[in-house]
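I have a structure I would like to understand better, so I am pasting it below and will then ask my questions one at a time.
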Amino acid sequence: MDLTSIPIIDHHAHPLLRPEATQSAAGFRQWFTESTDPQVHARHVPHSLFFRTGLRWLAELLGCEPTLAAVLAARAARPYPAWVRQLFDDANIRLLFCDYGYQGETAYSHDEMQALLPCPVRPILRLETLAQDLIVQHDTFEQMLAAFVAAVGRAREEGYVALKSIVAYRTGLDITPVARDEARAAFVPVKEEARRNGRVRLASKPLCDYLVWQALALADGQDLPLQFHSGFGDRDADLRLANPLLLRSVIEQTKTQLVILHAGWPYYRELSHLAAIYRRVWLDLSLAIPLATTGIPTLLRDVLGMAPASKILFATDAFTMPEIFWLAARWGRWGLGRVLDEFVAEGFLTAAEAWQTAEAILGKNAGALYSL
Ligand SMILES: [Zn+2]
């Protein structure tokens, strides 16, 4: 099946970096891995399938030799905005949701992203980053909490299409009920750190958990889905604490739609089960696609074998370079097409059902979930 004509709603991604940041070999190569080790970037990334195959595919598109030097020269020779448009148009990405919480100085702002991309861009509100800013700005727990509740409470009004929590790689997905007094007490040392350093990295479990519960209640009132990071995808992630099974008490107690990111990789079987039995749990495939590359059909075969196709969402989780969005779309369509071909050949689905499944996963499920 050739799925290129089915438009993608990329419901979880991050901003691009300014092109100067990715023009060198090292600056380009480092985004083909989750590793932050320069030795891995230099010695081992060139031997990864994601990089090797990606280079060949990009060289075909650019009409150059499939070497890193040739690809870098060819992309640098094009006006950056035109190159970005070409990649997004070719990837057939119709709508992008962007989480700006992961953002260095070289990343584009929301307005710049909207100007650069050929598709509409909608912002995602990252809870922990918001809380960190508010802890710096406010002296007391009650002031900080009031500001947090106000900001999250008007998220929909301000154009946000989803909330996002990274509690998985701060204090873990085992989010427990916290009394207000306990959260207030936990605020004291965190505020002290903020005073000392002028900024703070929120990693206090009582405070993180308390704020997530607040956000869940506020999300429900606005019909805003909450995206939870799960599984791999950040250097801070302790995978033992990022297993989506740990979300059980949240799943059982909330009325908010929960989008569990990255297929919970490597816990995608666990997540498939949760998505199959709980009406409010949605399984996102981002980052596992594209990084699993040749393993994508295996992932999809397992996931689709257990969870209804109506609960599964494609996204890229791409960031930094437009090429990553394009490669994620290509790997995703390839893997999904391949598995659906097998399902038709094996008599599990009709050709029409397979096509509807592809449409659902690439965009229609997101359209329904986010009320687009
Ligand atoms: Zn992400």
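The values are calculated or read from the model by the stated rules, or taken from the named source; none is laboratory data. Just so it is clear, the structure is predicted and the values come from calculations on it, not from any experiment. Neighbour counts run over all protein chains shown; Cβ positions are idealised from the backbone, glycine included. Heads up: the accessible areas ignore ligands, DNA and RNA and are worked out on the full protein's heavy atoms, side chains in. Shrake-Rupley method; radii C 1.70, N 1.55, O 1.52, S 1.80 Å.
Anything in the stretch 257-281 that is of a type in the set (Gly, Ala, Ser) and within 16 Å of the ligand (Cβ to nearest atom)? List them, or say none.
First, pick out the residues of the stretch 257-281 that are of a type in the set (Gly, Ala, Ser): 263-264, 272, 275-276.
Result: 263, 264.
Looking only at residues in the stretch 79-100 that are touching a residue at least 60 places away in the same chain (Cβ under 8 Å) and open to solvent by 30 Å² or more (accessible area, probe 1.4 Å), which one is nearest to the ligand (Cβ to nearest atom)?
Going residue by residue through the stretch 79-100, those that are touching a residue at least 60 places away in the same chain (Cβ under 8 Å) are 80, 83-84, 87-88, 90-100.
Keeping just the survivors that are open to solvent by 30 Å² or more (accessible area, probe 1.4 Å) gives 80, 90, 92, 94, 100.
Numbers: 80: 23, 90: 22, 92: 21, 94: 19, 100: 11 Å.
Within the stretch 79-100, the match that is nearest to the ligand (Cβ to nearest atom) is 100.
Another question, if that's okay. When the stretch 1-35 is examined, which residues are found to be within 15 Å of the ligand (Cβ to nearest atom), open to solvent by 10 Å² or more (accessible area, probe 1.4 Å) and among the charged types (D, E, K, R)?
34
Please work out if residue 167 is within 16 Å of the ligand (Cβ to nearest atom), aliphatic (A, V, I, L, M) and either at positive phi or in contact with a strand residue (DSSP E or B) (Cβ under 8 Å, 6 or more places away or on another chain) (or both).
Numbers: within 16 Å of the ligand (Cβ to nearest atom): yes; aliphatic (A, V, I, L, M): yes; either at positive phi or in contact with a strand residue (DSSP E or B) (Cβ under 8 Å, 6 or more places away or on another chain) (or both): yes.
Here the answer is yes, as residue 167 does meet what is asked.
Now for a different question. For the stretch 308-315, indicate whether the set of residues that are part of a loop (DSSP other than H, G, I, E, B), in contact (Cβ under 8 Å) with a residue 24 or more places away in the chain and surrounded by 23 or more Cβ atoms within 10 Å (Cβ to Cβ) is non-empty. Reasoning before the result, please.
Of the residues in the stretch 308-315, the ones part of a loop (DSSP other than H, G, I, E, B) are 308, 314-315.
Pick out the ones that are also in contact (Cβ under 8 Å) with a residue 24 or more places away in the chain and you get 308, 314-315.
Okay, now just the ones that are also surrounded by 23 or more Cβ atoms within 10 Å (Cβ to Cβ), so 314-315.
Within the stretch 308-315, one or more residues are part of a loop (DSSP other than H, G, I, E, B), in contact (Cβ under 8 Å) with a residue 24 or more places away in the chain and surrounded by 23 or more Cβ atoms within 10 Å (Cβ to Cβ).
Evaluate the stretch 320-343: report whether one residue or more is modelled with pLDDT under 95 and surrounded by 19 or more Cβ atoms within 10 Å (Cβ to Cβ). Outline the logic, then answer.
Initially, the stretch 320-343 is screened for residues modelled with pLDDT under 95, giving 320.
Now narrow it down to the ones that are surrounded by 19 or more Cβ atoms within 10 Å (Cβ to Cβ): 320.
Checked the stretch 320-343: at least one residue is modelled with pLDDT under 95 and surrounded by 19 or more Cβ atoms within 10 Å (Cβ to Cβ).
Now a separate question. If you go through the stretch 284-294 one residue at a time, do you hit one that is among the hydroxyl-bearing types (Ser, Thr, Tyr), within 13 Å of the ligand (Cβ to nearest atom), closer than 19 Å to residue 363 by Cα and crowded, with 24+ Cβ neighbours inside 10 Å? Working first, answer last.
Narrowing the stretch 284-294 to residues among the hydroxyl-bearing types (Ser, Thr, Tyr): 286, 293-294.
With within 13 Å of the ligand (Cβ to nearest atom) added as a condition, the list becomes 286.
From what is left, the residues that are closer than 19 Å to residue 363 by Cα are 286.
Going one step further and asking which of them are crowded, with 24+ Cβ neighbours inside 10 Å, we end up with 286.
Within the stretch 284-294, one or more residues are among the hydroxyl-bearing types (Ser, Thr, Tyr), within 13 Å of the ligand (Cβ to nearest atom), closer than 19 Å to residue 363 by Cα and crowded, with 24+ Cβ neighbours inside 10 Å.
Give the number of residues within the stretch 264-276 that are open to solvent by less than 50 Å² (accessible area, probe 1.4 Å) and either touching a residue at least 60 places away in the same chain (Cβ under 8 Å) or under 18 Å from the mean Cα position of the chain (by Cα) (or both). Break it down into steps so the answer makes sense when it comes.
Keep residues of the stretch 264-276 that are open to solvent by less than 50 Å² (accessible area, probe 1.4 Å), which gives 264, 267-268, 271-272, 274-276.
Now drop any that are not either touching a residue at least 60 places away in the same chain (Cβ under 8 Å) or under 18 Å from the mean Cα position of the chain (by Cα) (or both), which leaves 264, 267-268, 271-272, 275.
Looking only at that region, the number is 6.
How many residues does the stretch 217-241 hold that are more than 13 Å from the ligand (Cβ to nearest atom) and touching a Gly at 6+ places or on another chain (Cβ under 9 Å)?
7
Could you please find all residues in the stretch 154-192 being among the acidic types (Asp, Glu) and in contact with a helix residue (DSSP H, G or I) (Cβ under 9 Å, 6 or more places away or on another chain)? Write out each step before concluding.
Taking the stretch 154-192 and keeping what is among the acidic types (Asp, Glu), we get 157-158, 174, 181-182, 192.
Answer for the stretch 154-192, where residues must be among the acidic types (Asp, Glu) and in contact with a helix residue (DSSP H, G or I) (Cβ under 9 Å, 6 or more places away or on another chain): 157, 158, 174, 182.
Give the number of residues within the stretch 316-372 that are in contact (Cβ under 8 Å) with a residue 40 or more places away in the chain, on the phi < 0 side of the Ramachandran plot, part of a loop (DSSP other than H, G, I, E, B) and hydroxyl-bearing (Ser, Thr, Tyr).
Of the residues in the stretch 316-372, 2 are in contact (Cβ under 8 Å) with a residue 40 or more places away in the chain, on the phi < 0 side of the Ramachandran plot, part of a loop (DSSP other than H, G, I, E, B) and hydroxyl-bearing (Ser, Thr, Tyr).
With the condition kept exactly as written, say whether any residue in the stretch 56-68 is assigned to a loop (DSSP other than H, G, I, E, B), within 16 Å of the ligand (Cβ to nearest atom) and open to solvent by 20 Å² or more (accessible area, probe 1.4 Å). Talk me through it step by step, then tell me what you get.
Keep residues of the stretch 56-68 that are assigned to a loop (DSSP other than H, G, I, E, B), which gives 63-67.
Next cut, within 16 Å of the ligand (Cβ to nearest atom) only: none.
No: the stretch 56-68 contains no residue that is assigned to a loop (DSSP other than H, G, I, E, B), within 16 Å of the ligand (Cβ to nearest atom) and open to solvent by 20 Å² or more (accessible area, probe 1.4 Å).
Applying the selection to the stretch 109-122, what residues are open to solvent by less than 50 Å² (accessible area, probe 1.4 Å) and either among the polar types (S, T, N, Q) or within 16 Å of the ligand (Cβ to nearest atom) (or both)?
Answer for the stretch 109-122, where residues must be open to solvent by less than 50 Å² (accessible area, probe 1.4 Å) and either among the polar types (S, T, N, Q) or within 16 Å of the ligand (Cβ to nearest atom) (or both): 109, 113, 121.
Now for a different question. Whether any residue in the stretch 355-366 is in contact with a Ser or Thr (Cβ under 9 Å, 6 or more places away or on another chain), small (Gly, Ala, Ser) and open to solvent by less than 20 Å² (accessible area, probe 1.4 Å) is what I want to check.
Yes, there is a match, as at least one residue in the stretch 355-366 is in contact with a Ser or Thr (Cβ under 9 Å, 6 or more places away or on another chain), small (Gly, Ala, Ser) and open to solvent by less than 20 Å² (accessible area, probe 1.4 Å).
Residue by residue, here is whether (1) of a type outside the set (Lys, Arg); (2) under 18 Å from the mean Cα position of the chain (by Cα); (3) modelled with pLDDT under 95 holds:
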residue: 230; (1), (2), (3): yes, yes, no
residue: 235; (1), (2), (3): no, yes, yes
residue: 251; (1), (2), (3): yes, no, no
residue: 278; (1), (2), (3): yes, no, no
residue: 299; (1), (2), (3): yes, yes, no
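Which condition breaks for residue 282 when tested against (1) in contact with a helix residue (DSSP H, G or I) (Cβ under 6 Å, 6 or more places away or on another chain); (2) assigned to a helix (DSSP H, G or I); (3) of a type in the set (A, V, I, L, M, F, W, C)?
(2)
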